[in-house]
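In what follows, a structure is listed as structure tokens, so that the remarks can point back to it.
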Amino acid sequence: MKRILIIDDHAIVRLGIVRLLSELAAGSSRVDEAATGHEALEKIAGGDYHLVVLDLSLPGRNGLDLLKQIRRRQPKLPVLVLSMYPEEQYAVRALRAGACGYLNKGSAAEELLIAAEKLLQGGRYITPSQAELLADALADGPRGAPLHRLLSDRECHFVSLLASGLTMTEIAGELSLSVKTISSMRSRVLEKLQLRTSAELMSYWITHYPEL
């Protein structure tokens, strides 16, 4: 019996994934659900899972941070990231953080089944476009890397939320942080990117969006 854990805060999305993945291993798989990072870590600690399917956008917690926690606690547990974010934006970061595969939620159901089966068999699932992104990231090298490579995963998430039109107060609520902390994060991001204003930050985002 293969045990799979779905981590996603949307009940309807979880239901669809559960129904799909229940078809794996000729129906001999058991699929559990978690709506929050805290719930997920509790279930992982108390269960012997063979695969985790993780959404990066979770309430109060950065999905990449949760991925790193899972990898620290269960280094051999394969994690497939299934995210609303395009692979150009988060695939490399997710793979570097320990994911064994990355899929956009717009992918076909058959692709999810193929990726999950491959991870359950001990492999990885990386698309040709992701392999190219990884090659480009390695080619940059530490000295030639663009400034946004200096941003942490949380700082990149902050920039994406700001670019989506959220206010500082709304971002604070989304990340479960104080407005003061978010303001400090904005200052750190501007300093790392050698920018002065939010307008310059938005211009930088538009220029480098596929890489952030």
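Read the figures in this text as sums done on the coordinates, not as results from a lab. Just so it is clear, the structure is predicted and the values come from calculations on it, not from any experiment. Every residue, glycine as well, gets a Cβ built from its backbone with ideal geometry; the counts of neighbours run over all protein chains shown.
Dipole size in debye (nearest 20) for the chain around its Cα centre, Lys and Arg Cβ +1, Asp and Glu Cβ -1?
In total the dipole reaches around 700 debye.
Given the convex hull of the Cα atoms of the range 147-211, what is a quarter of its surface area in nm²?
3.9 nm²
Which whole number in µm²/s is D for the range 29-162 by Stokes-Einstein, with the Kirkwood Rh taken over Cα pairs at 4 °C and 1.567 mPa s?
After rounding, the answer is 83 µm²/s.
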